[in-house]
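What follows draws every value from the coordinates through simple rules; no lab data is involved. Note that the structure is predicted; figures quoted are calculated from it, not measured. Cβ: placed from backbone, ideal geometry, glycine included. Neighbour counts: every protein chain shown.
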Amino acid sequence: LLMPKPESLKNAVEGYYCTDFWCYPMFRSISESMNRPVPIGTMGLLIDNNHPALREFPSEEYSTYPWWSIVENSKSLIMDAADRNWNPVVQTIDNFERNHKLSFLVECSVGAGNLLICALDADKVNDTPEGRQFLSSLAGYMKSDDFKPQYKANVAELLELIQ
């Protein structure tokens, strides 16, 4: 399990639970003109809720309340340069202006091992019941025979992803 500290990542978008309201470019420009923080502008999550990593963390295919504290203490990795066949288990949906391929939770095999990657502050989410359950589900998955990622990454791809 690779959990880079969210604040250490440059190739990532801040985690934010609420979806963009209506039109990101308009609200971005309003924020900029008023010298206010620019909204994150993401549009929620696309979740492979049948994936065995989430077996013990019941989910819909979209963001629901149990994801709130988890997403708020995370970043989503920008996978624009990654192989198109490398797909996240949980993908953050970006706004139409940036349109990044964003990964909240992704897995791969590298060398002789398997890797699950999530840029999450585990210390912060461990203080919530949903955060503990999410982490428990990931740990259970990694200990199971189901932990067999399909995508084979190389070290250069991984380093590019977590910069």
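Values computed for the structure shown
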quantity	calculated
Using alpha-carbon coordinates, inclination of helix 129-143 to the longest axis of the chain, degrees	40
Stretchable slack from Arg132 to Cys18, in nm (0.36 nm times residue separation minus alpha-carbon distance)	38.9 nm
For the chain, average projected area of the Cα convex hull in nm²	9.7
Unit Cα scatterers, Debye sum, the range 113-163: log10 I(q)/I(0) for q = 0.25 Å⁻¹	-1.00
Positive minus negative residues near Gly131 (Lys, Arg vs Asp, Glu; Cβ under 12 Å)	-3
With Cα atoms, 0 to 90° folded angle of helix 24-33 axis to the chain main axis	50
Over the range 1-46, relative contact order from alpha-carbon pairs under 8 Å, at least 6 apart, %	40
The range 84-160 versus the range 26-78: alpha-carbon centroid distance in Å	14
The chain, helix-only ellipticity at 222 nm - DSSP H runs n ≥ 4, -39,500 (n - 2.57), divided by all residues, nearest 500	-7000 deg cm²/dmol
Along the chain, longest interval not containing exposed GluC sites (Glu not before Pro), exposed being DSSP loop plus at most 13 other Cβ atoms within 10 Å	98-163
Shape of the range 69-145, Cα gyration tensor, a/c cut at 1.5	oblate
Full-stretch length increase - Ala81, Asp146 - with 0.36 nm per residue and alpha-carbon distance subtracted	20.6 nm
Global form of the range 1-84, assessed from the alpha-carbon gyration tensor, a/c cut-off 1.5	prolate
